Amino acid sequence: MSLKPEAQNPMETNTTSGVRRYLGIYVALWKNSVTRETMFKGNFLLWIVVELAWFALQLGFISVLYLHTEHIGTWTKWQVVLLVGVSHFIQQLFQAFFLINCANLSELVRNGKMDFLMMLPVNTRFLVSLRQVDLGGFVNAGSALAVMIYAGRELHLTLTLPMVPGFLAMCLIGICIHYCLMFSLASVSFWTVKAQGIVYGYYNLFNIARMPDDAFPRGVFKTVFTFVLPVMLVSNVPARLLTDRLTSNSCFLLMGMAIACALLSEWIWRMSLKHYTSASS
């Protein structure tokens, strides 16, 4: 009895080939980024030193702060150090993958390179968002991870098996929230041409994420940075997970904000493309 090969689903085949194609493109973008970094080694090393110095200043500020108090709300010194490490970890991974690309969107619109990207047989948002990789961000994320491990030892934390993938998932959701919000702000450049000030203005708000949520009383400030620009959620939720103080409401709120930010970002992007008339028109 002869056996006929099972027919393949065309949709599954197209999906698989599409994923492989985009993975191949992304690998090529990585190679291009590595080549760029090796051409300017001094700049690469300098920025690592600058980021490490800034991170050390943040930790020094926490040390000085806790010379005058034992608690900030319900947060102890080493819990806040852990929070600063988590915030820096998320920020540096976001910077590695997305920051420079979001910041350069206005330049692509201004100099007409967006015309060329839109003509390529690849999703335009994929190329705009992932064209360059900041390799120094991974080095700095490693320093944040080292601080988190040290703070965890001081707190005598015991990580259970579900906590590690849960923490990484929360960090990934936080990175996605930062990306969607910053990409939405960068898309303003289709109307104003120059929007780098807005983009880096949002990046400076990352400093709020380093502070415990209990440090801010209920009011307009806390509401804005929880439900409008949820920078406090992004780092406080993963840190609370590690310290076993996470509530289900905070977890669902973070995921809900991620979905809302993603939908808003896609809507703004599509509206921006409709408004775009190219640099030559």
**Study point:** Residue tally, condition in contact (Cβ under 8 Å) with a residue 40 or more places away in the chain, in contact with a Lys or Arg (Cβ under 8 Å, 6 or more places away or on another chain) and closer than 16 Å to H178 by Cα, over region 67-125
**Key:** 2
Point to revise | Unique residue being more than 20 Å from G152 (Cα to Cα) and either surrounded by 18 or more Cβ atoms within 10 Å (Cβ to Cβ) or among the β-branched types (V, I, T) (or both) when the list is T277, T247 | key: T277
Practice item. Could you please tell me which pairs satisfy a Cβ distance under 6 Å, a separation of 6+ or placement on different chains, a first residue in region 263-281 that is under 15 Å from T192 (Cβ atoms) and at pLDDT 90 or above, and a second residue that is surrounded by 11 or more Cβ atoms within 10 Å (Cβ to Cβ) and of a type outside the set (V, I, T)? Key: I268/S184; I268/S187
Study note, to complete from the structure: M211 meets each of (1) part of a helix (DSSP H, G or I); (2) surrounded by 20 or more Cβ atoms within 10 Å (Cβ to Cβ) with one exception, condition (1)
Check your understanding: Looking at (1) surrounded by 12 or more Cβ atoms within 10 Å (Cβ to Cβ); (2) free of Cβ contacts under 8 Å to residues at least 60 places away in the same chain; (3) not aliphatic (A, V, I, L, M), can you tell me which one S33 breaks?
Key -> (2)
Check your understanding: Residues in region 148-163: is at least one part of a helix (DSSP H, G or I) and more than 24 Å from Q58 (Cα to Cα)?
Key -> yes
Review point. So which residues in region 179-198 are over 18 Å from L263 (Cβ atoms), small (G, A, S) and either in contact with a helix residue (DSSP H, G or I) (Cβ under 6 Å, 6 or more places away or on another chain) or modelled with pLDDT of 85 or more (or both)?
Key: S189, A195
Exercise for review: Determine if region 113-124 includes at least one residue that is of a type in the set (S, T, N, Q), surrounded by fewer than 15 Cβ atoms within 10 Å (Cβ to Cβ), under 22 Å from the mean Cα position of the chain (by Cα) and closer than 21 Å to L172 by Cβ.
Suggested key: yes
Check your understanding: Is there a residue being free of Cβ contacts under 8 Å to residues at least 24 places away in the same chain and either buried (at least 18 other Cβ atoms within 10 Å of the Cβ) or touching a strand residue (DSSP E or B) at 6+ places or on another chain (Cβ under 9 Å) (or both) anywhere in region 162-181?
Key -> no
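The values are calculated or read from the model by the stated rules, or taken from the named source; none is laboratory data. Quantities reported herein were computed from a predicted structural model and do not represent experimental measurements. Reconstructed Cβ throughout: ideal geometry from the backbone, glycine too, with neighbour counts over all protein chains shown.
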